[in-house]
Amino acid sequence: MADVRIAWITAAGEEREESWPNVERFRLWAAAEGLRLEFTAYAEDEDGEWVVVGKGRVR
């Protein structure tokens, strides 16, 4: 699977977006950093469109 694009908003309202190998690695990193956030993960489909592949929270 190709990298996923993850957009997240911290509890303080900061918005960020980065590429990650997968959602689970992002969640593990965020938890290890002690971050509180909500995220949406996107992946490119075969037509080149970005589609939502996951949403969640890290607390």
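The values are calculated or read from the model by the stated rules, or taken from the named source; none is laboratory data. Just so you know, these numbers come straight off a predicted model, no measurement behind them. Every residue, glycine among them, receives a Cβ derived from its backbone with ideal geometry; neighbour counts consider all protein chains shown.
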Check your understanding: Could you say whether any residue in the stretch 15-23 is assigned to a helix (DSSP H, G or I) and surrounded by 13 or more Cβ atoms within 10 Å (Cβ to Cβ)?
Key -> yes
Review point. In the stretch 34-59, which residue that is basic (Lys, Arg) and not in a strand (DSSP E or B) is modelled with the highest pLDDT?
Key: ARG36
Study note, to complete from the structure: Scanning the stretch 24-33 residue by residue, the ones that are farther than 14 Å from GLY56 by Cβ and outside any loop (DSSP other than H, G, I, E, B) total 1
